[in-house]
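The values are calculated or read from the model by the stated rules, or taken from the named source; none is laboratory data. Quick caveat, the model's predicted, so the values are computed rather than measured. So basically every Cβ, Gly included, is an ideal-geometry build from the backbone, and we count neighbours across all protein chains shown. We work out accessible area using only protein heavy atoms, side chains counted, and drop any ligands, DNA or RNA first. Shrake-Rupley method; radii C 1.70, N 1.55, O 1.52, S 1.80 Å.
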Amino acid sequence: MKWDEFADWGRRVADWTQDYHLTVGERPVRARTEPGAILNALPATPPETPEAMEDIFRDFEDIVMPGITHWQHPRFFAYFNSNASAPSVLAEFLASAIAPQCMLWQTSPAATEMETRMMDWLRQALDLPEGFAGVIQDSASSATLAAVLTLREKALNWQGNRQGLFGQKPLRIYCSSEVHTSVDRAIWVAGIGQDNLVRIPIKGDWRGMDPDALEAAIKADLAAGRHPAGLILCVGGTGTGATDPVDRCLDVAEKYGLYTHVDAAWAGSAMICPEFRHYWSGIARADSIVFNPHKWLGVQFDCSAHFLKNPDDLVRTLAIQPEYLKTHGRDGIINYSEWSVPLGRRFRALKLWFLMRSYGMEGLRQRLRNHIAWSGALHDRLTAEPDFEMVTPPMWSLWTFRYRRDGADLDALNLRLVNAINDDGRIYLTQTRVDGALVIRFQAGQFETTEEDVGMAFDVITEIARALP
Ligand SMILES: *Cc1c(COP(=O)(O)O)cnc(C)c1O
């Protein structure tokens, strides 16, 4: 295909995109494909000769689309939404058209300076104090890894990258039982070892870490000759929205000199609304914070906002400067590749710029407030049904429930229920475990979701549950 044919296809793709988004609510949310069906529909060997775009596009519709689970569906209530709002999709199209690499300032000054400005807009939107500097990482997992590498390097007096961990006292990192698996993987990759990730018990409605138990664990480690190095807090855990008492945990961290990272990948977006900030009071004292605009804030994946109180620690850990990457005579400029593990970087700030300008912060706040209010109303309606048990209370727009039937194995019953709901296709839910019991999660966060969409979930859940054999 030549570039002079591009505009015609671009228009066709734009028409297709608009139509897809306007009608996606009519499709079953979860793909109904059997395992292997797509693989078998794709030729086993690559084509030797050129094929027409017409044929490629037809196969995209015929082969690919039936195997898609519709993450942009207004009744996608599973996992967390990964929104792709219209302005962010447009920006992503432009970013892919120019396809610059944003590793150094000079490899695209606009991308670097836009990133600096957009991260500061987000900082203000979250009401983080001046001085926090931000970088866009590809994912929260990468941000958490970067934070763990930084705390490792700091704890080893900046010798870890050079000498490795051989002969060192074990570094200890503390978190609750509710943190995301990305924390485990960061610990593995950083060479700290799973056995040195200490899980502190949780308590209370927020299912947050017990600060007294945290302090006791640190003291025990010190007594045993280990090296307490870091604390990873969770604000809005994936399963049930578990949230650590940030303030009290940071008191303990400061007392023992621990580096602190806060994973607010999902719930961080809600902090653009002042009324939810009590969930992370004390946050200004954290060293590192991550949240994903590519989840609830509406930015097309990928875009993970990583804030650092002292970015010099991160840069000291990750910067590497072979001659070809040096930008001589340009002191004071930012080279964001020194803030992340990968060298190459996409131009992600553009979609944040399009998004915030197109909705305005007030427009974004309104969307999140609607999701939380509608989800809360559904929770209250289901609470009034005697055969449903509410398990964890709403944390922002997320809560969990269980269907009850006398004498039934409730885990098996609820697994059958969630599968039957997803086979039905009108809504999409996922399950998790709370204190060992299988429960069903509900959360609302899709940008085009309406109050009616959330209301429909009540009918689908109750109807399918009561009809289960
Ligand atoms: C989604 C999520 C993550 C992982 O985010 P990625 O950007 O996919 O790495 C981590 N922590 C929490 C709490 C999440 O909800």
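Side notes on the structure shown:
- Order by protection proxy (mean Cβ within 10 Å, highest first), peptides 370-383, 292-305: 292-305, 370-383
- Full extension of the segment from Asp62 to Asp4, taken as 0.36 nm per residue of separation minus the current Cα-Cα distance, would add 18.2 nm.
- For the chain, convex hull of alpha carbons as volume per residue, Å³: 183
- Seen from Ala91, the other residues with C-beta closer than 14 Å to its C-beta sum to a net charge of +1, counting Lys and Arg as +1 and Asp and Glu as -1.
- Sites Thr383 and Asn157, calculated FRET efficiency, Cβ-Cβ separation with R0 60 Å, nearest 0.05: 0.65
- Computed from backbone phi with θ = phi - 60° and the Karplus coefficients 6.51, -1.76 and 1.60, the 3J(HN,Hα) list for segment 263-274 is 9, 10, 3, 8, 6, x, 4, 5, 6, 6, 9, x Hz; x is used for glycine and proline.
- Total lysine pairs under 26 Å (Cα atoms) in the chain, excluding pairs fewer than 8 apart on one chain: 15
- Within the chain, the whole DSSP H helices whose Cα atoms reach 20 Å or more along their own axis and whose mean Kyte-Doolittle score is at least 0.0 are 140-155, 410-424, 451-467.
- P(r) of segment 132-219 over all Cα-Cα pairs, binned every 5 Å from zero, in whole percent: 3, 13, 20, 21, 20, 15, 6, 1, 0
- Segments 39-46, 62-69, 388-395, 460-467 sorted - mean Cβ within 10 Å per residue, highest first: 388-395, 460-467, 62-69, 39-46
- Based on protein heavy atoms only, the chain ends up with 46 Å² per residue of surface accessible to a 1.4 Å probe.
- The chain, relative contact order in percent, only Cα pairs under 8 angstrom and at least six apart counted: 22
- Estimated from helices alone, the mean residue ellipticity of the chain at 222 nm is -13000 deg cm²/dmol (sum of -39500 (n - 2.57) over DSSP H runs with n ≥ 4, per residue).
- Distant-in-sequence amide H partners of Val434 (H built 1.01 Å from N, under 5 Å): Val439
- Anisotropy class of segment 9-87 from Cα gyration tensor, a/c 1.5 cut: oblate
- Three-way shape call for segment 101-346 based on the alpha-carbon gyration tensor, with the a/c threshold at 1.5: oblate
- Rounded if a/c under 1.5, otherwise prolate or oblate - segment 88-177, Cα gyration tensor axes: prolate
- When only the Cβ of Lys, Arg, Asp and Glu is charged (+1, +1, -1, -1), the dipole of the chain relative to its Cα centre reaches about 1280 debye.
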